[in-house]
Structure formats: structure tokens, C-alpha cells
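**Student:** Below you will find the structure I want to go over with you.
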Amino acid sequence: MSKRRNTAAARHFFETELSAHGRPAEVTTDLAALLLRVIDELIPEAAHATEQFSTNRIENDHGRLEARLRPMRGLRTDRTASVVIGGHAFVQTVRRGHYELGVESDRDRLRLAATFDELAAVT
């Protein structure tokens, strides 16, 4: 999250991802001129998808977060955004079963409550 897009930050992000995951055949972004330049520099052989609705899979992933933020009328500071987004990501990861927390619960819907009980016992 940043107030505006930064070429150095975009280049650093793509270089980090390329070193961690290799070179992709396709990159999907919006039409920001900054991203177009950085991707053309770093991954000229990759197809760059910028069509409308091409990011639907990505956008749908954080739809629940958007629904949670609407009643809060936005976030005032970067710190608040970081805390809320981190907490939301943790809850979604627990629900999807990526942590071995709350696995003793009898039902999937009680898994989150059992996870917080386990965490409270540790602290």
C-alpha cells in the first residue's frame, strides 16, 4: 500500500518475485503506464494482460475484506490498514486450513473459535 505508485518500488517488487518464482508467461495488471514500462524492461517476453475484468480472480479474493471495510468507512492511516489487512488474512488462512490451529474442533465453523482459544492459552 502506498499513496502513489513508484517506479523503484514496482521494479523492486517484480525483481523479488522473479527471483522467487521464475519468469512468468503472462502478467496481469491494470493499465498504469508505470507497470507497462517496468514489465517491458524486466520481462519483455511475457504477455501482459490489461483487459477489463482480467483481474477478476485477484479482485474476488479480497472481496470479503472490501465488505468488512465498507461499514468502517475506510482506513485513516497506513498502520490501521496494515493491522486490519493482516488480521483478515490470518482469519482467512485459518479458515482455509493452512495452519494446524483449531484442528481439534468438531466442526469447521468452530475452527476459528478453537484457534483463538489455543492462541489465548499460549499468551
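**Student:** Filter region 66-96 down to the residues that are part of a loop (DSSP other than H, G, I, E, B) and within 19 Å of residue 111 (Cβ to Cβ) and list them by number.
**Tutor:** Across region 66-96, the qualifying residue is only 96.
**Student:** In this structure, does residue 27 turn out to be surrounded by 12 or more Cβ atoms within 10 Å (Cβ to Cβ) and not in a helix (DSSP H, G or I)?
**Tutor:** yes
**Student:** Quick one: in region 97-115, of everything that is basic (Lys, Arg) and assigned to a helix (DSSP H, G or I), which residue is surrounded by the fewest Cβ atoms within 10 Å (Cβ to Cβ)?
**Tutor:** 109
**Student:** Can you confirm whether region 5-21 contains a residue that is loosely packed, with under 11 Cβ neighbours inside 10 Å, acidic (Asp, Glu) and modelled with pLDDT of 85 or more?
**Tutor:** no
The values are calculated or read from the model by the stated rules, or taken from the named source; none is laboratory data. No experiment lies behind these values; they were computed from the predicted model shown. As a convention, Cβ positions derive from the backbone with ideal geometry for all residues, glycine included, and neighbour counts pool all protein chains shown.
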